[in-house]
Amino acid sequence: MKIHEYQAKEILEKYNVAVPAGIATTTVEETVEAAKKLKEEGATLFVVKAQIHAGGRGKGRTKKNNAKGVVLCKSIDEVKEAAENLLGDVLVTVQTGEEGQLVQRLYVTDGVDIKSEFYLGILMDRAVSKNVIMASTEGGVEIEKVAEETPEKIVKEWVEPGMDLQPNQARRIAFALGLEGDALKKGIKFVQALYKAYEETDANMFEINPLIVTPDNDVYALDAKVTFDDNALYRHPDLAELKDESEENPAELEAQKYDLNYIKLDGNVGCMVNGAGLAMATMDIIKLSGGDPANFLDVGGGANVETVKNGFRIILEDQNVKAILINIFGGIVRCDRVANGVIEAVKDPEIAEKVEGVPIIVRLQGTNAEEAKEIIDNSDLNVISAVLLKEAAEEVSKVLA
Ligand code: ADP
Ligand code: MG
């Protein structure tokens, strides 16, 4: 689960990770009031930041007003102008795709003098099953780019499972960033506090880009990107509440309600499959046959009429879908039942209307596969049966040609 920068910073503050003062807002008036409050507390510069679930905001632009997603403001008037430009406009960044994301929330924060910018990230290194802390002197730059072009500029410290981050590891990170004196001390504390926050919240990732040092040798997180492990959210009801559904793909949200595993992709072949491994294989073979999957959809073990119907509903919400490939292995569930389920689902008036003109190719293998094929072949619906997965994928290519 992703959260907004302002939410991430509230968590950081709880763990004594230094962040500049800031206030989240949803209207121009609130934003102006927030800036006035920060000014009373001593702020002389302000930064207005669009809150969307995507990075690259500083270099992004909004569609209508061509406004930057991160705006440095010297006065309350400039804050007002930035808020007017951003709220309600659609921000496009390297991470949002062309369609961009609607800006519904802002974060007004103290403008900080920057002496140097760094990168600091914590995540799970799956190759070695250990948490890894990554730091780089190349702050404010995408870490993927640094990894590709100048990998020697990234230092890593792996933390042994079941152990805390060791003080000498935090020191090594801070040293590697070239911190000295007061900044070094603060930097070490920062790394330790950040690791504690990461561990205790069951996060997948904490990314501070940039981490900065001011001319007074203060150390701050200027940006914060945090994602949590969905499977651990039950242990953190307070964090689960931070979910902002308006930032998520509507079809993916609906799929979650039905307990379906759905991820939207850009192709035109809808896939309905049971089991994640089979789903991956199905997507591969669609590609090999010259097609392009419109989604990943794992309907799980028991593919009954209801799950098949829900699967159709979600797949058909995607206007790009020109054909649907159903690939179910009948192990626990019998193929003839699935075949009847597919037919019943396609006859459902709501689905029948949407599925018109979209050929359905069904490949059922496993228990009672032959009966299943007969059921499909004898139905008068726009459903094509196939025995082999390759055949099924070729049928898809044929109907799309
Ligand atoms: P994004 O990563 O989405 O572009 P950031 O929060 O990293 O957004 O902001 C982009 C850049 O704006 C930062 O690299 C930093 O140079 C500048 N910036 C962000 N917040 C502040 C701040 N509070 N004070 C001064 N500069 C800031
Ligand atoms: Mg950033």
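The values are calculated or read from the model by the stated rules, or taken from the named source; none is laboratory data. What you see is a predicted model, and the numbers here were worked out from it, not measured in a lab. A quick note on method: Cβ atoms are made from the backbone with ideal geometry, for glycine too, and the neighbour counts reach across all protein chains shown. These accessible areas exclude ligands, DNA and RNA; they are computed on the full protein's heavy atoms, side chains included. Shrake-Rupley method; radii C 1.70, N 1.55, O 1.52, S 1.80 Å.
In vacuo Debye scattering of segment 112-216, one point per C-alpha: log10 I(q)/I(0) at q = 0.12, 0.13, 0.22 Å⁻¹?
Ignoring solvent entirely, the Cα scatterers give -0.37, -0.44, -1.25.
Please work out how much accessible surface Phe175 shows to a 1.4 Å probe, ignoring ligands, DNA and RNA, in Å² rounded to 10.
We get 120 Å² for Phe175.
Report, in whole Å, the centroid distance computed from the Cα atoms of segment 355-376 and segment 194-228.
51 Å
Got a sec? Charge dipole of the chain, +1 on Cβ for Lys and Arg, -1 for Asp and Glu; which of Leu86, Gly22, Ala193 is way out at the positive end?
Ala193
Which cross-chain or sequence-distant (5 or more) residues have an amide H under 5 Å from the amide H of Arg105, H modelled 1.01 Å from N in plane?
Result for Arg105 returns Gln51.
When only the heavy atoms of the protein chains count and the probe is 1.4 Å, how do Glu180, Glu13, Glu98 rank by accessible area, highest first?
Glu98, Glu180, Glu13
Name the residues whose placed amide hydrogens come within less than 5 Å of the amide hydrogen of Gly275, ignoring near sequence neighbours (fewer than 5 apart) on the same chain.
Val299, Gly300
Under the 0.36 nm per residue contour assumption, what length would be gained going from the current alpha-carbon distance of Lys354 and Glu254 to full extension?
So the chain would gain 34.3 nm between Lys354 and Glu254.
State which entries of Lys156/Lys264; Lys153/Lys189; Lys14/Lys74; Lys2/Lys322; Lys225/Lys264 exceed 26 angstrom in Cα-Cα distance in the structure shown.
Violating the 26 Å Cα-Cα cut-off are Lys156/Lys264; Lys14/Lys74; Lys2/Lys322.
Given a 1.4 Å probe and heavy atoms of the protein chains only, how would you sort Lys243, Lys14, largest accessible area at the top?
Final ranking, largest accessible area leading: Lys14, Lys243.
Find how many whole Å separate the alpha carbon centroid of segment 87-115 from the alpha carbon centroid of segment 118-149.
Computed from Cα coordinates, the inter-centre distance equals 23 Å.
Starting at the first residue of segment 27-34, write each ³J(HN,Hα) from the Karplus equation 6.51 cos²θ - 1.76 cosθ + 1.60 with θ = phi - 60°, in whole Hz, x for Gly and Pro.
Residue by residue, segment 27-34 yields 9, 4, 4, 4, 5, 5, 4, 4 Hz.
Can you figure out the FRET efficiency of Asp284 with Lys115, using R₀ = 41 Å and their beta-carbon distance, to the nearest 0.05?
0.25
Which shape class, rounded, prolate or oblate, goes with segment 21-110 when its Cα gyration tensor gives a ≥ b ≥ c as root eigenvalues, a/c under 1.5 marks rounded, and past that a/b bigger than b/c marks prolate?
Prolate.
Please arrange Glu356, Glu117 by accessible surface area, largest first, computed with a 1.4 Å probe and ligands excluded.
Largest to smallest exposure gives the sequence Glu356, Glu117.
Checking the a/c ratio against 1.5 first, then a/b against b/c, what shape does the Cα gyration tensor give for segment 282-322?
Oblate, since a/c reaches 1.5 and b/c is not below a/b.
Rounded to the nearest 0.05, what FRET efficiency is calculated for Asn217 and Lys156 with R0 set to 25 Å and r the Cβ-Cβ distance?
Between Asn217 and Lys156 the formula returns 0.50.
If each DSSP helix of 4+ residues adds -39,500 (n - 2.57) and the sum is divided by the residues in the chain, what number results at 222 nm, nearest 500 deg cm²/dmol?
-11000 deg cm²/dmol
Rounding to the nearest 20 debye, state how big the charge dipole of the chain is about its Cα centre with +1 on each Lys and Arg Cβ and -1 on each Asp and Glu Cβ.
The calculated dipole for the chain is roughly 740 debye.
Can you give the accessible area of Leu381, probe radius 1.4 Å, in Å² rounded to 10?
40 Å²
Amide H neighbours of Asp125 under 5 Å, at least 5 residues apart or on other chains, H built in the peptide plane: list them.
Those lying under 5 Å, H to H, from Asp125 are Lys130, Asn131, Val132.
Among Gly58, Gln104, Leu239, which residue has its Cα positioned farthest towards the positive end of the charge dipole of the chain, with +1 placed on the Cβ of Lys and Arg, -1 on the Cβ of Asp and Glu, and the dipole taken about the Cα centre?
Value computed over the given set: Gly58.
Considering only C-alpha atoms, what is the centroid distance from segment 254-318 to segment 16-86, in Å?
Here the two parts' Cα centres lie 40 Å apart.
Eigenvalues of the Cα gyration tensor times 5, then square-rooted: what semi-axes does that give for the chain, in whole angstrom, largest first?
Its equivalent ellipsoid spans semi-axes of 48, 25, 18 Å.
Show log10 I(q)/I(0) for segment 265-304 at q = 0.21, 0.24, 0.28 Å⁻¹, two decimals, from a solvent-free Debye sum over equal Cα scatterers.
Results for segment 265-304 at q = 0.21, 0.24, 0.28 Å⁻¹ read -0.57, -0.71, -0.89.
Quick check: residue separation of Lys37 and Ile23 times 0.36 nm, minus the Cα distance between them. What number comes out in nm?
Answer, rounded to one decimal: 4.1 nm.
Ala401 to Met163: extension gain in nm, 0.36 nm per residue of separation minus the Cα-Cα distance?
So the chain would gain 79.9 nm between Ala401 and Met163.
Let a ≥ b ≥ c be the square roots of the eigenvalues of the Cα gyration tensor of segment 250-400; is it rounded (a/c under 1.5), or, if not, prolate (a/b larger than b/c) or oblate?
rounded
Roughly what angle does helix 76-86 make with the longest principal axis of the chain, taking Cα atoms, 0 to 90 degrees, to the nearest 10?
The two axes meet at around 10 degrees.
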